[in-house]
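The values are calculated or read from the model by the stated rules, or taken from the named source; none is laboratory data. Since the structure is predicted, the reported quantities are computational estimates derived from the model, not experimental observations. Cβ atoms come from the backbone with ideal geometry, glycine included; neighbour counts cover every protein chain shown. For accessibility, only protein heavy atoms count, side chains too; no ligands or nucleic acids. Shrake-Rupley method; radii C 1.70, N 1.55, O 1.52, S 1.80 Å.
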Amino acid sequence: MRKSLGLAAAAVLAAGTLGIQPTTGATAASAPLPQAQQADPAAVGEAALKALEARPGLARESVEQEFDVTDTMVDADGTTHVRMDRSYKGLPVVGGDLVVHQRPDDAIKGVSQTLDAPLSLGAKPSLKASRARSRALSGALIAEPIKNLRAADTAPRLVVDALGDEPRLAWEVETLGRHADGTPSRLSTYVDARSGEVLRRVEGIHTADGEGSSLYSGTVPLSVAKSGSSFTLTDVAHGNAKTTDMQNRTDSAWCSVFGFGCTNGVAYTSSDNVFGNGSNSNRETAAVDAHYGAAMTFDYFKLVLGRDGIFGNGAGAPSRVHYGSNYVNAFWDGTKMTYGDGNGTTFGPLVSLDVSGHEMAHGVTQNTANLTYSGESGGLNEATSDIFGTMVEFYAANPNDPADYYIGEEFDLANGEGFRRMDDPSLDGSSMSCYTAGAGNADVHYSSGIGNHFYYLLAEGSGTKTIGGKVHTSPTCDGSTITGIGRDAAQKIWFRALDTYFTSGTTYAQARTGTISAARDLFGANSTQAAAVAAAWSAVDVG
């Protein structure tokens, strides 16, 4: 669905930027997540577009700026939330996406967006696409060397990049390669279409950036498929998600460049419905952990948060195990999860519950707010995965893997502490516990600490306590004392914000506003929960 709006649209929409001022009158103090009503998505989207046109300055249509409805949601009280992509003079606006919030009477309640100023720039590039590709391949602004850096089999795309200090006409260039540890690389490089300056790069492969562990969840139930007299690790109860064996191979260059010669691994087949033996001596064992983790994550999102799997349509996402040799990482590539075996000494296979939840949560983020994987939005992307990966661990309540706020502790064979923690992220020596102006320049796995620390304080509060047999001590950056509201309320607030208020370029300041709006939606404008959200953000120096 597409509708043209006048050039003044951006200025008018900015009046409702991200911070929603809800009407007075709280919902019930323990209100559950809003449940979607049965409504025609096309009609809901059209109503939102018409409401925007009715705003002052939007009556006259123009080809300058257009909005394309991509998703709709209807709350139980009839309030609608319509997610839109933006284009300008026919060009995609990266970071120009928005969510229109509309009351049941069709009046606009507010607009969540990152781009808060009118667009006014030319759409004719001075730099040729071929020159932009050369700049992208030069290696500038790449934090670490990329092996076999090469152009993808797609032409550079002319866009408006609205995620920098100011919107610029840019070429979006896709490149492929491989990181030093064997992780595939799929970079989007934005090159100024006039000056040739490399503006930024965004990695399309999202990793857990961790290390590993052994095999941890004990004897667990599995959903498998039967064909004739054999069984396979195909989860018929969770969208037919398959878990396969990469046999220590990696994705080939041919696969990355041309899309053929790819492999999803070899299916696990058994003459009975029992897989693995609890030891790395059996290649099925790591697959059991991955298969179980994917099922627990699917159930968590569906039964706790009301989302039907990663993609929201009930489809399962594949998992691949035994990727590469001594590969100490795991990643989500946009369609599937992939897990390495670790190095066997300090780290075991990266198939623990929290990492499974982490990787699948990247998929949920991609299919909701689509937080850009760089800058502050990249930190929020990683924090979202740490948050939901941890909540999956609590949801599973597996006695072999007691839930805590340490990330990847099960496969940390040397120390049992993992590679990140949420109570005081800076204790790992790299992550940020408090917000600073340079957060957007930090590695997203480290700037995620700000969001992780906020979430821990919101759920558990400040001070010292033992959770899952591990001591957690959470200070505050402003010296305040925070009382937690509990995991149930905290997780629903974060998901509501992700699904309803966050957009691709959301910053930490905007995340504060979005989560406060989400808390007000769920628990009321003057609720304890909404006040706690504000206090927890202040406690990590996000004001």
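Between ALA42 and SER279, the modelled labels are 6.1 nm apart [label points 7 Å from Cα along Cα→Cβ]. Using the alpha-carbon positions of region 56-200, Rg (one decimal) and Dmax (whole number) come out as 18.6, 56 Å. Annotation: Cα Rg of the chain relative to the compact-globule expectation 2.2 N^0.38 Å equals 0.96. Amide H contacts for SER185 (H built 1.01 Å from N in the peptide plane; partners 5 or more residues away or on another chain; cut-off under 5 Å): GLY177, ARG178, HIS179.
Taking all protein chains together and rolling a 1.4 Å probe, TYR446 ends up with roughly 90 Å² accessible. Counting lysine pairs in the chain that sit 8 or more residues apart in sequence, or on different chains, and whose Cα atoms lie under 22 Å apart gives 13.
With the gyration tensor restricted to C-alpha atoms of region 363-485, the semi-axes of the equivalent ellipsoid amount to 22, 18, 14 Å, longest first. Each residue, ASN400 and THR345, gets one label point 7 Å from its Cα in the Cβ direction; the gap between the two is 2.7 nm. Modelled label positions at THR263 and ASP165, each set 7 Å beyond Cα in the direction of Cβ, lie 4.9 nm from each other.
Computed from the C-beta positions of ALA509 and ALA414, the FRET efficiency with R₀ = 35 Å rounds to 0.40.
Remark on ARG420: its backbone amide H falls under 5 Å from those of ILE407, a criterion applied only to residues 5 or more positions apart or on other chains, H modelled at 1.01 Å from N.
Couplings 3J(HN,Hα) for region 399-409, derived from phi with the Karplus relation 6.51 cos²θ - 1.76 cosθ + 1.60 (θ = phi - 60°), are x, 7, 9, x, 5, 7, 10, 9, 9, x, 5 Hz, where x marks Gly and Pro. Would you please calculate the Kirkwood hydrodynamic radius of region 340-399 over all C-alpha pairs and express it in Å, rounded to one decimal? One over the average 1/r among Cα pairs gives 12.3 Å for region 340-399.
Accessible surface calculations at 1.4 Å, restricted to protein heavy atoms, place the chain at 38 Å² per residue. Using only alpha carbons, region 433-474 has a radius of gyration to Kirkwood radius ratio (Rg to Rh) of 1.06. Shown in residue order for region 376-389 are the 3J(HN,Hα) couplings computed by the Karplus curve 6.51 cos²θ - 1.76 cosθ + 1.60 at θ = phi - 60°: 5, 5, x, x, 5, 4, 5, 4, 4, 5, 5, 4, 6, x Hz (x for Gly and Pro).
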